[in-house]
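The values are calculated or read from the model by the stated rules, or taken from the named source; none is laboratory data. What you see is a predicted model, and the numbers here were worked out from it, not measured in a lab. Counting neighbours? That spans all protein chains shown, and the Cβs are built from the backbone with ideal geometry, glycine included. Ligands, DNA and RNA are excluded from the accessible area calculation, which covers all protein heavy atoms including side chains. Shrake-Rupley method; radii C 1.70, N 1.55, O 1.52, S 1.80 Å.
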Amino acid sequence: MARWLPRSADLTRFCQKLNRVKTLEDDMMETSFNRCLSTIDLTLLGIGGMVGSGLYVLTGTVAKEIAGPAVIVSFIIAGFASLLAALCYAEFGARVPKTGSAYMFTYVSVGEIWAFLIGWNVLLEYMIGGAAVARAWSGYLDSIFNHKIKNFTETHVGAWQVPFLARYPDFLAAAILLVATAFISFGAKVSSWLNHVFSAISMGVILFILIMGFILAQPKNWSAQEGGFAPHGLSGIMAGTATCFYAFVGFDVIAASSEEARNPQRAVPRAIAFSLGLATGAYILVSVVLTLMVPWHTLDPDSALADAFYRRGYAWAGFLVAVGSICAMNTVLLSNLFSLPRIVYAMAEDGLFFQVFSQVHPRTQVPVIGIVVFGLLMALLALVFDLEALVQFLSIGTLLAYTFVAASIIVLRFQQQKVDAPAPAAAGRPSPEPREGPSAGELKEYESFSDKLQLVDRDKSKEHREPGQLKAAFEPYLEFLSDFYPGEVVTVAVVTLMVSAICLCSILVFGNTHLHLPTWSYSLLLVLFSLGFLLSLLLIWAHEQQRSTQTFQIPLVPLSPALSIVLNIYLMLKLSYMTWLRFAIWLLLGLLVYFGYGIWHSKENLREPRPQRVSARYVVFPSGSLEERVQAVQPTSQPSAGLPDADTEDCKR
């Protein structure tokens, strides 16, 4: 029975395979893509991904059903929370200008299996998101024509009553996805130009809404007679924040496009900052004018802006709002179809996904096969599936990606920077001993014991050490941590921090409702897990970080990423149990793909050195000497040959 159990060495090697990190090229600017996108291009891509149908629908829904006019505060808090995640993406996008977004960032810092699962979830997130937006686009256009398209389809094609399938096939949604797929396949420049056109129309409509809205504003709509500014109090504001947070999830298209940016070190952080700032401003200002034009409790959640203008006597403005909404949804479609094939390409290029998706068209310089295949899959989803039950799945994939990117920032910041390996010594010559000179960072030979003591004392007195090492000021108090490798304690502390955050948020979300904890145990658990979180944070902070680089770096590390981790976990635990069940099933499918294909075809697996089997033959001569002949074991099909006589070693006994 024991012989069937895996040995500890095999388990260790297996765990190392799962957690191996990606080896980056020396020249990260080298790419098979076309680096043609400027800061403006990336900014408009980000705005297109964030300012979609949510601006025309989400603002009215949250104001009417959740927060009232205090939806403004909800968007401010949600914008700040999104900023924490966006800054993490900005640092990674500048330091690692490769396509893949959260997948790539996790792969270079945390490990292979975690990166694959993040990429696997992002794939489904983009497919469902694009299909859902296409159906919303179809429904919005159909409503303008009095639902004639829907009635014609149900009459001539038929209606279905099948679980998980739509009531009728939405040919219009599938058609718009196929058209968008065709445009995306023409190259990044064409996609960017098309996004510019739709974004310009959308921003023009938003500007019109703001000007007309402030002209028609009535401050009495925020008065106590109408329920006040925050009719549902702080709880309504925070509940609205959780919903408004998902309005800002589109900025990761900028990180996914970093391999096609001309100057990603500068363009990616600036584009993320500009797009997030403009999107937050647009959501806040539209919420202001919407709740000032008409009383918040009379809003139509499905078409709040168009209905508000209609009720104020400007029915013609509803047509402009409809045009702006359709253009905004077009930009979201382009954003999803632009990002998804590039993440698939990054996974296939690393060997974790099917190799066919890593092919780049030589003329358009885009992954055409990935664009066409996943565009067709997205169109199929929009055509026949009921996506309302799956839309919540988008949230958990996004929040999980944000969490791992924030954790990756902490791990990467406390890792030692890789340096180039020294050139191998010439054959037959011993490599020179490294020495330390007054102007070089080489080693020095110390002959006497007193010299060695002076060296130790001088090293301990240094204030700045290598990244991942304990700071000199904390060594007298945490001396037992000095024996660990640089970065090892930080990695353990990050895991502890995430576990503490999960436990803390679980108590906050389920403590009073599902667990029915008494007050004393609820408070005690909150204190214990809060202490675990803070101690992990302090332990990370007690170690040296990497020095400032020329690229953008998020401030207040590890505090900023830690706050992002807590917020993301809290929002994930607020999702329904059915969302978690679907998420678990999708993860299991992903693990089957990884262990069936990815782990064997990974490029990092091919880079691992293969142990060479060696055999030794001993021959005893009459003189009493023992000759050892060493030779490499050859395959059975090849004759084994020994080493030349010059390599034969004689051992006298």
(message) With a cut-off of 8 Å between alpha carbons and a minimum separation of six or more residues, what is the relative contact order of the range 468-544 in percent?
(response) 46 percent
(request) Answer rounded, prolate or oblate for the range 203-278, using the Cα gyration tensor with square roots of eigenvalues a ≥ b ≥ c: rounded when a/c is under 1.5, else prolate when a/b is larger than b/c, else oblate. (result) oblate
(message) Spelling out what I want: for every residue of the range 257-270, take phi, set θ = phi - 60°, compute 6.51 cos²θ - 1.76 cosθ + 1.60 (Karplus), and round to whole Hz; glycine and proline get x.
(response) 9, 5, 6, 10, 8, 5, 10, x, 4, 9, 5, 5, x, 5
(message) Quick check for you: with a 1.4 Å probe and neighbouring chains kept, what is the accessible area per residue of the range 207-274, in Å²?
(response) 43 Å²
(request) Using Cα pairs closer than 8 Å and at least 6 residues apart in sequence, work out the relative contact order for the range 267-325, in percent. (result) 20 percent
(message) Quick check: pseudo-label points 7 Å beyond the Cα along Cα→Cβ at Ser8 and Val179, how many nm apart are they?
(response) 6.5 nm
(request) Can you tell me the FRET efficiency between His514 and Leu581 if r is taken as the Cβ-Cβ distance and R0 is 22 Å, rounded to the nearest 0.05? (result) 0.85
(request) With a 1.4 Å probe and every protein chain kept in, tell me what percent of the accessible surface of the range 175-312 is carbon plus sulfur. (result) 70 percent
(request) Quantify, in whole percent, the carbon and sulfur part of the accessible surface of the range 1-83 (1.4 Å probe; protein heavy atoms only). (result) 63 percent
(request) Roll a 1.4 Å probe over the protein chains and send me the accessible area per residue for the range 64-105 in Å². (result) 19 Å²
(message) Test of understanding: what is the full-extension gain from Phe80 to Gln161, defined as 0.36 nm times their sequence separation minus their Cα-Cα distance?
(response) 24.9 nm
(request) For His543, list long-range residues whose amide hydrogen, built 1.01 Å from N in the peptide plane, is under 5 Å from its own amide hydrogen. (result) Lys471
(request) Please find the FRET efficiency linking Ser235 to Leu377, where r is the Cβ-Cβ separation and R0 is fixed at 45 Å, and quote it to the nearest 0.05. (result) 0.65
(request) Just reorder Phe385, Phe309 by solvent-accessible area, largest first, 1.4 Å probe, all chains present. (result) Phe385, Phe309
(request) Pull up all non-local amide H partners of Leu165: gap of 5 or more, or a different chain, and H-to-H distance under 5 Å with H placed in the peptide plane. (result) Asp386
(message) For a 28 Å ceiling on Cα separation, which of these pairs sit above it: Lys17/Lys471; Lys98/Lys189; Lys471/Lys574; Lys64/Lys574?
(response) Lys17/Lys471; Lys471/Lys574
(message) With the crude spin-label approximation of a point 7 Å out along Cα→Cβ, what separation in nm comes out for Gln550 versus Asn146?
(response) 6.5 nm
(message) What number comes out for accessible area per residue over the range 468-544 if the probe is 1.4 Å? Units Å², please.
(response) 58 Å²
(request) Answer rounded, prolate or oblate for the range 468-544, using the Cα gyration tensor with square roots of eigenvalues a ≥ b ≥ c: rounded when a/c is under 1.5, else prolate when a/b is larger than b/c, else oblate. (result) prolate
(message) Show me, for the range 73-90, the HN-Hα J-couplings you get by feeding each phi into the Karplus relation (A = 6.51, B = -1.76, C = 1.60, θ = phi - 60°), rounded to Hz, glycine and proline as x.
(response) 5, 4, 5, 5, 5, 5, x, 5, 5, 5, 4, 4, 5, 5, 5, 4, 5, 5
(request) Please report, as a whole percent, how much of the solvent-accessible surface of the range 468-544 comes from carbon and sulfur atoms (probe radius 1.4 Å). (result) 74 percent
